[in-house]
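Following: one structure in structure tokens, then a few remarks.
The values are calculated or read from the model by the stated rules, or taken from the named source; none is laboratory data. On a predicted model such as this, the values are computed, not experimentally measured, just so you know. Heads up, the Cβs are rebuilt from the backbone with ideal geometry, glycines too, and the neighbour counts pull from every protein chain shown.
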Amino acid sequence: MFAQFLKRDRQRGRIASALYGAIVAQARAPVFYARLGVADSVDGRFELLVAHLALVLRRLRDAAGPAKDLGQEVFDLFCADMDRSLREMGVGDLSVPKRMKRLAEAYYGRAAAYAAAFDAGDGEALANVVRRNLLGAGAGAAEESVAYLMEAETLLRSVPLTALGEGRIAWPDVALLDAGSVA
């Protein structure tokens, strides 16, 4: 019985790793930085990662049972990744917990802002969130970013949980962003 529990736990860990890897890969797509105006910096990359993570965790949170557990595991991987990244950037051991607390607060604040805009179906509110966070009040392509995020949210909602449970995520085709349209 305990062996089955460990096997199931290891399998969920592999699936969570695949999901988190897909989130990171999408957030690193050059088109976001080159075309949409997301700053190619530590802050810009964090914001793009948070936007994608929030969308996936929102989908998993709205599901029942094992999907919620999977979402927690993905979030735990995000936290471990942020901890590792801080240490690689030279943040001292005593400062890491404070920085991690700020990163977690940033994630939860942004995830709540994205969720509120999506729940209200308010494109302008989403554009404000994008301008404030993702584009850092810069002159990036807010409308294209909003269109992309709305398409990503729609795609994630349509993906069967079984696909997510296998570690597969459907994202909008970023090549469409290169062409100047999403949909």
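Structure notes:
- Selection status of Arg110, crowded, with 17+ Cβ neighbours inside 10 Å, touching a residue at least 60 places away in the same chain (Cβ under 8 Å) and of a type in the set (D, E, K, R): yes
- Pairing residues of the stretch 9-34 that are in contact (Cβ under 8 Å) with a residue 12 or more places away in the chain and more than 14 Å from Glu166 (Cβ to Cβ) with residues that are basic (Lys, Arg) and not in a loop (DSSP other than H, G, I, E, B), at Cβ distances under 7 Å and at least 6 apart in sequence or on separate chains, gives Ala27/Arg45.
Conditions (1) more than 14 Å from the chain's Cα centre (by Cα); (2) surrounded by fewer than 20 Cβ atoms within 10 Å (Cβ to Cβ); (3) closer than 24 Å to Asp40 by Cα; (4) in contact (Cβ under 8 Å) with a residue 24 or more places away in the chain, marked per residue:
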| site | (1), (2), (3), (4) |
| --- | --- |
| Gly123 | yes, yes, no, yes |
| Val129 | yes, no, yes, no |
| Leu134 | no, no, yes, yes |
| Ala141 | yes, yes, yes, yes |
| Val146 | yes, no, yes, no |
| Leu149 | no, no, yes, yes |
| Val159 | yes, yes, no, yes |
| Gly167 | yes, yes, no, yes |
| Asp173 | yes, yes, yes, no |
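- Scanning the stretch 141-183 for residues that are at pLDDT below 85, touching a helix residue (DSSP H, G or I) at 6+ places or on another chain (Cβ under 7 Å) and part of a helix (DSSP H, G or I) turns up Val174, Leu177, Asp178.
- Among the conditions (1) surrounded by fewer than 18 Cβ atoms within 10 Å (Cβ to Cβ); (2) within 22 Å of Thr154 (Cα to Cα), the only one that Val56 does not satisfy is (1).
- Residue match in the stretch 62-83 (condition: closer than 17 Å to Thr154 by Cβ, touching a residue at least 60 places away in the same chain (Cβ under 8 Å) and surrounded by 18 or more Cβ atoms within 10 Å (Cβ to Cβ)): no
- The stretch 32-73, residues that are more than 17 Å from Val130 (Cβ to Cβ), basic (Lys, Arg) and over 15 Å from the mean Cα position of the chain (by Cα): Lys68
- Scanning the stretch 99-148 for residues that are out of contact with any Pro (no Cβ under 9 Å at 6 or more places or on another chain) and of a type in the set (Phe, Trp, Tyr) returns Tyr107, Tyr108, Tyr114, Phe118.
The rows are residues; the columns are (1) within 20 Å of Gln11 (Cβ to Cβ); (2) within 14 Å of the chain's Cα centre (by Cα); (3) outside any loop (DSSP other than H, G, I, E, B).
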{"residue": "Phe75", "(1), (2), (3)": "yes, yes, yes"}
{"residue": "Ala80", "(1), (2), (3)": "yes, no, yes"}
{"residue": "Arg84", "(1), (2), (3)": "no, no, yes"}
{"residue": "Gly90", "(1), (2), (3)": "no, no, no"}
{"residue": "Asp93", "(1), (2), (3)": "no, no, no"}
{"residue": "Arg99", "(1), (2), (3)": "no, no, yes"}
{"residue": "Arg102", "(1), (2), (3)": "no, no, yes"}
{"residue": "Tyr108", "(1), (2), (3)": "no, yes, yes"}
{"residue": "Phe118", "(1), (2), (3)": "no, no, yes"}
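- All helices (runs of 4 or more DSSP H) inside the stretch 1-66 with 1 or more residues being modelled with pLDDT of 95 or more and among the β-branched types (Val, Ile, Thr): 2-27, 42-61
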